[in-house]
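Q: Here it is, the structure in full.
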Amino acid sequence: MEKYTRVQVEILLTADEKALLEHYVKENNRRYKKRGATRNWWTLEKLLQCLLSDITYQAVKHRSVRAVWQKLS
């Protein structure tokens, strides 16, 4: 089994999708700030990395490589 540590993925978002995700990031950062957090702020890139990681994990968990490629394309 090979381990890949770096993969470049292009994610295309509509303006509405981007706005929704940016709003989510803004709300999370607002909650962090309210609790006194001063670092580890969310960014759109960080959120997309988490979502991509979850999609990949779920597909591998169900042993469906085809599902990974369908969700990525």
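Q: Go over the candidates 27, 22 one by one and state the one that is surrounded by 11 or more Cβ atoms within 10 Å (Cβ to Cβ), in a helix (DSSP H, G or I), under 15 Å from the mean Cα position of the chain (by Cα) and at pLDDT 90 or above.
A: Result of the check over 27, 22: 22.
Q: Quick check: is even one residue across region 32-45 closer than 26 Å to residue 69 by Cα and not aliphatic (A, V, I, L, M)?
A: Yes, there is a match, as at least one residue in region 32-45 is closer than 26 Å to residue 69 by Cα and not aliphatic (A, V, I, L, M).
Q: Any residue at all in region 48-59 that's touching a Phe, Trp or Tyr at 6+ places or on another chain (Cβ under 9 Å) and either touching a residue at least 60 places away in the same chain (Cβ under 8 Å) or surrounded by 13 or more Cβ atoms within 10 Å (Cβ to Cβ) (or both)?
A: yes
Q: Can you tell me which residue in region 30-53 is nearest to the chain's Cα centre (by Cα), limited to those that are assigned to a helix (DSSP H, G or I) and of a type in the set (Lys, Arg)?
A: Result: 46.
The values are calculated or read from the model by the stated rules, or taken from the named source; none is laboratory data. No experiment lies behind these values; they were computed from the predicted model shown. Here Cβ is always computed from backbone atoms with ideal geometry, including for glycine, and neighbour counts include all displayed protein chains.
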